[in-house]
1. Quick one: how many Å² of residue 186 are accessible to a 1.4 Å probe, rounded to 10?
2. Charges at C-beta only: +1 for Lys and Arg, -1 for Asp and Glu. How large is the resulting dipole of region 52-183 about its Cα centre, in Debye rounded to 20?
3. For region 73-207, with all protein chains present and a 1.4 Å probe, just round the carbon and sulfur fraction of the accessible area to a whole percent.
4. Run the 1.4 Å probe and let me know the accessible area of residue 135, rounded to the nearest 10 Å².
5. Let me know the shape class of region 64-104, please: from the alpha-carbon gyration tensor, a ≥ b ≥ c as square roots of the eigenvalues, rounded when a/c is under 1.5, otherwise prolate if a/b is greater than b/c, or oblate.
6. So how do 178, 188 rank on accessible area, 1.4 Å probe, biggest first, that is with the largest at the start?
7. With every protein chain left in place and a probe of 1.4 Å, what is the accessible surface of residue 134, to the nearest 10 Å²?
8. Ordering 132, 122 by accessible area with a probe of 1.4 Å, largest first, what comes out?
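The values are calculated or read from the model by the stated rules, or taken from the named source; none is laboratory data. Small disclaimer: the values here were computed from a predicted structure and weren't measured. Backbone-built Cβ (ideal geometry, glycine too); neighbour counts: all protein chains shown. Quick note on the areas: whole protein, heavy atoms, side chains included, nothing else; ligands and nucleic acids left out. Shrake-Rupley method; radii C 1.70, N 1.55, O 1.52, S 1.80 Å.
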Amino acid sequence: MCDNISDVTINEKSFGIRVADTDEGRSSASLLINKMYAWRGYAGTHRIEDNPNRITLSASDKGEVVGTVTLGIDSPIGILADEVFKDQIDPFRARGAKVCEITKLAFDPTVRSKMALASLFHILFIYGRRMHKCTDVFIEVNPRHRRFYETMLGFTRLAELRSNPRVAAPAYLLWSNLDDVQEKIECLGGTSNHPGTERSLFPYFFSPKEEAGIAKRLISLG
């Protein structure tokens, strides 16, 4: 697995995307998560751990972390979503799927960049599908954020609303097949200058050519 990504220039934007793989990087990401979670009214103190089955990315603007998201890869101890939704995830495993999950998304609301947010998700996708051969991705979301993930990233809701003890709030389990995500990227990635009527984030993803270059670089690094 690659341990680090140097800054990625996103068009003319000054945002950089990197792996939070140092104590300082994890601490900065954790501070942003707790700030944003408290602002939304979620409970608990949330910390990014050094875990070989989790990859945390951060987006920075002039050196300040403005966004973060973590990809959790399935392992013998499972994924965080198993705590509440294991009955929904196990049937995928039984069919031979390799599952992963998106957790700990936080983005400074004063930073309005679809490109930076889409780039975080796209690099997570590269790690999940290309490097770890995952087939299906899950995310637990608060009801008020469900439409965002369905509309902007093509997720589908599974199961009924349940209580998530990690944040002391209700949550839905959403799911997406990574083959479907790949098709959307191939069709829409890199078209943000002329997205037509497309409302999702996919036009703001990297183009297929850019994705191939980033994936090649990550794979060569490790």
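1. My reading of the accessible area for residue 186 is about 110 Å².
2. Details: 18 positive and 16 negative charges, 31 e Å.
With only Lys, Arg, Asp and Glu charged at Cβ, the dipole is about 140 debye.
3. Details: 3090 of 6110 Å².
Carbon and sulfur: 50 percent of the exposed surface of region 73-207.
4. 50 Å²
5. Details: a/c = 3.02, a/b = 2.32, b/c = 1.30.
Prolate, since a/c reaches 1.5 and a/b exceeds b/c.
6. Numbers: 178 10, 188 30 Å².
Largest accessible area first, the list is 188, 178.
7. We get 10 Å² for residue 134.
8. Details: 132 35, 122 0 Å².
Result, largest first: 132, 122.
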